[in-house]
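> Here you go, one structure.
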Amino acid sequence: MKVPFLTFDLLHQPIKEKVFSCFNEIYDSGFFINSRYVQKFEKEFADYCGRKFAIACSSGLAALHLSTVGLNIGHGDEVICPTNTFAATALAVHYTGATVRFADIDPETLNIDFDSASNLINKNTKAIMAVHMYGNPLDMKTLEQFGIPVIEDAAHAHGAELNGCKAGSFGVFSCFSFFQTKNLGGMSDGGMVLTDDAELAEKVRILHDVGQKSIHDHVMMGYNYRMSEFNAAFLLEKMKMLDKWNGLRRKNASLYNEAFKDHPKIRIQKIFPGAKHVYHLYVICIENRDEIQQKLKEDGIVSVVQYPVPIHRQKPWKSDISLVIAEKSAEEILSLPVFPGIEEKQINYVIERILTHA
Ligand SMILES: Cc1ncc(COP(=O)(O)O)c(C=O)c1O
């Protein structure tokens with residue numbers, strides 16, 4: 001049996017006609033950037049997350065960068081960031097000239113470790129990046145108790161919840177990516193910044209549109225981080241299905257969880273009480289990961305490692321700090337197919353092969 005890591009058939013085919021009719025309308029209108037569909041998407045996504053303001057932008061990295069600039073972060077400042085994340089979380093800080101201080105991760109949740117993070121706080125600390133790794137919401141209350149502004153990186157967590165509040169509703173700013181493989185994935189790069197602060201929202205809106213308050217009225221040094229109308233129309237249509245697709249991801253994950261929960265050589269991701277994981281990725285920690293991944297490949301199963309090298313060990317950051325949990329986890333983590341549309345018999349096959357190899 002063949003098991004791909006991800007296909008888009010279930011997601012994209014049923015909405016194709018509706019999406020193409022929007023594309024036709026946009027094509028004929030001649031308004032391709034930051035117009036009617038982008039505004040509608042901003043409004044609906046803000047409502048969905050329970051936020052007052054949303055600014056659609058060109059990528060998740062752009063959203064994170066806008067948030068750091070929005071908080072006036074710059075040279076001499078420090079931002080705490082988990083080392084188990086995608087490089088963009090740290091890059092956004094570097095763009096401002098500030099320094100990233102990498103924190104280790106919790107071996108069970110695979111999210112930031114609170115002790116490691118709190119040890120890094122000093123007078124220069126300007127923010128903490130809160131990443132809900134793989135779609136697993138972290139304990140925001142504990143993080144917020146540090147008294148440091150939080151930028152929520154919810155790139156993996158569209159629709160995830162913590163005590164009934166949506167990911168994207170925490171922190172000073174929340175940031176999303178709509179990269180095509182995300183739980184809500186666009187037809188090109190895209191992102192969103194959310195906040196409840198009217199002044200910060202206005203600042204980010206100006207920053208993302210070349211520093212213009214209105215056309216040709218440049219009031220600050222800005223960026224071109226706008227979203228295309230085609231992308232917004234596609235994302236609006238997909239958003240209607242997000243909860244249903246997340247439900248399928250959760251159902252698929254529950255089959256894996258049930259099969260692996262008591263296995264001596266496999267660790268499943270621990271979920272914080274009150275959290276609703278949306279399984280952007282279904283990740284296990286397993287001994288002899290590389291060997292097992294190779295055997296799965298021979299069995300026709302595609303698995304992925306996200307991410308194989310913690311950020312503090314990547315070339316641009318190469319530092320000699322040692323973050324032992326993240327470094328060990330990077331050798332054990334394995335993402336298994338969990339996408340909406342995978343068949344139950346395919347999941348059972350993956351489970352059966354892993355239990356045989358482990
Ligand atoms: C945790 C995390 N943060 C930020 C980003 C950046 O998003 P984008 O690729 O849209 O720039 C990603 C993208 O994969 C991500 O996984």
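The values are calculated or read from the model by the stated rules, or taken from the named source; none is laboratory data. It should be emphasised that the depicted structure is a prediction, and the values quoted were computed from it without experimental measurement. Cβ: placed from backbone, ideal geometry, glycine included. Neighbour counts: every protein chain shown.
> Among the listed residues 41, 53, which satisfies the condition of being of a type in the set (Phe, Trp, Tyr), closer than 27 Å to residue 164 by Cα, in contact with a strand residue (DSSP E or B) (Cβ under 9 Å, 6 or more places away or on another chain) and within 16 Å of the ligand (Cβ to nearest atom)?
41
> Oh, and also: Within the range 291-303, is there a residue that is in a strand (DSSP E or B), surrounded by 19 or more Cβ atoms within 10 Å (Cβ to Cβ) and hydrophobic (A, V, I, L, M, F, W, C)?
yes
> Could you please let me know if residue 78 is in contact (Cβ under 8 Å) with a residue 24 or more places away in the chain, out of contact with any strand residue (DSSP E or B) (no Cβ under 8 Å at 6 or more places or on another chain), of a type in the set (Asp, Glu) and away from the ligand (no atom under 16 Å from the Cβ)?
no
Residues are listed down the side, and each one gets a yes or a no for (1) touching a residue at least 12 places away in the same chain (Cβ under 8 Å); (2) touching a helix residue (DSSP H, G or I) at 6+ places or on another chain (Cβ under 9 Å); (3) among the small types (Gly, Ala, Ser):
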site: 228; (1), (2), (3): yes, yes, yes
site: 260; (1), (2), (3): yes, yes, no
site: 265; (1), (2), (3): yes, no, no
site: 274; (1), (2), (3): yes, no, yes
site: 282; (1), (2), (3): yes, yes, no
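> On to the next question. Return the pairs, sorted by first residue and then second, in which the second residue is in a helix (DSSP H, G or I), the first residue lies in the range 285-296 and is farther than 13 Å from residue 335 by Cα, the beta carbons are less than 7 Å apart, and the residues are 6+ apart or on different chains.
That search, which allows pairs on different chains as well, returns 287/332; 295/357.
> Same structure again: Among residues belonging to the range 190-219 that are part of a loop (DSSP other than H, G, I, E, B) and touching a strand residue (DSSP E or B) at 6+ places or on another chain (Cβ under 8 Å), point out the one that is surrounded by the fewest Cβ atoms within 10 Å (Cβ to Cβ).
Here the residue is 219.
> Shifting gears a bit: Being touching a residue at least 24 places away in the same chain (Cβ under 8 Å), surrounded by 15 or more Cβ atoms within 10 Å (Cβ to Cβ), within 21 Å of the chain's Cα centre (by Cα) and assigned to a loop (DSSP other than H, G, I, E, B), is that true of even one residue in the range 327-334?
no
> Here are the criteria: (1) crowded, with 19+ Cβ neighbours inside 10 Å; (2) more than 22 Å from residue 254 (Cα to Cα); (3) modelled with pLDDT under 95. Tell me which single one residue 310 does not satisfy.
Only one criterion in (1) crowded, with 19+ Cβ neighbours inside 10 Å; (2) more than 22 Å from residue 254 (Cα to Cα); (3) modelled with pLDDT under 95 is unmet by residue 310, namely (3).
> I need every pair where a residue in the range 303-321 that is closer than 22 Å to residue 293 by Cα has its Cβ under 8 Å from the Cβ of a residue that is surrounded by fewer than 13 Cβ atoms within 10 Å (Cβ to Cβ), sequence separation at least 6 or different chains.
Qualifying pairs under 8 Å: 303/297.
Quick grid of which residues meet (1) within 12 Å of the ligand (Cβ to nearest atom); (2) closer than 23 Å to residue 314 by Cα; (3) in the same structural domain as residue 198 (by TED's automatic domain parsing):
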| residue | (1), (2), (3) |
| --- | --- |
| 84 | yes, yes, yes |
| 96 | no, yes, yes |
| 99 | no, yes, yes |
| 105 | no, yes, yes |
| 145 | no, no, yes |
| 163 | no, no, yes |
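> Please find, within the range 119-169, the residue that is nearest to residue 75 (Cα to Cα) out of those that are in a loop (DSSP other than H, G, I, E, B) and in contact with a Gly (Cβ under 7 Å, 6 or more places away or on another chain).
124
> Also: Pull up the range 170-180, narrow it to residues that are assigned to a loop (DSSP other than H, G, I, E, B) and within 8 Å of the ligand (Cβ to nearest atom), then point me to the one that is surrounded by the fewest Cβ atoms within 10 Å (Cβ to Cβ).
By that ranking, first place goes to 179.
> May I ask you to say which residue of 35, 21 is at negative phi and either without any contact (Cβ under 8 Å) to a residue 40 or more places away in the chain or within 16 Å of the ligand (Cβ to nearest atom) (or both)?
21
> Being within 16 Å of the ligand (Cβ to nearest atom) and in contact with a Cys (Cβ under 9 Å, 6 or more places away or on another chain), is that true of even one residue in the range 67-74?
Scanning the range 67-74 turns up at least one residue that is within 16 Å of the ligand (Cβ to nearest atom) and in contact with a Cys (Cβ under 9 Å, 6 or more places away or on another chain).
> Residues to consider are 177, 214, 254; find the one that is of a type in the set (S, T, N, Q) and in contact with a helix residue (DSSP H, G or I) (Cβ under 8 Å, 6 or more places away or on another chain). Walk me through how you get there before you give the answer.
On the way: 214 fails: in contact with a helix residue (DSSP H, G or I) (Cβ under 8 Å, 6 or more places away or on another chain); 254 fails: in contact with a helix residue (DSSP H, G or I) (Cβ under 8 Å, 6 or more places away or on another chain).
Testing whether each residue is of a type in the set (S, T, N, Q) and in contact with a helix residue (DSSP H, G or I) (Cβ under 8 Å, 6 or more places away or on another chain) leaves just 177.
> Taking the stated definitions as given, is residue 11 touching a residue at least 40 places away in the same chain (Cβ under 8 Å) and part of a helix (DSSP H, G or I)?
On the way: touching a residue at least 40 places away in the same chain (Cβ under 8 Å): yes; part of a helix (DSSP H, G or I): yes.
Judged against the criteria, residue 11 is a match.
> Another question, if that's okay. Whether any residue in the range 71-79 is buried (at least 18 other Cβ atoms within 10 Å of the Cβ), under 16 Å from the mean Cα position of the chain (by Cα) and over 26 Å from residue 269 (Cα atoms) is what I want to check.
No; the residues of the range 71-79 include none that is buried (at least 18 other Cβ atoms within 10 Å of the Cβ), under 16 Å from the mean Cα position of the chain (by Cα) and over 26 Å from residue 269 (Cα atoms).
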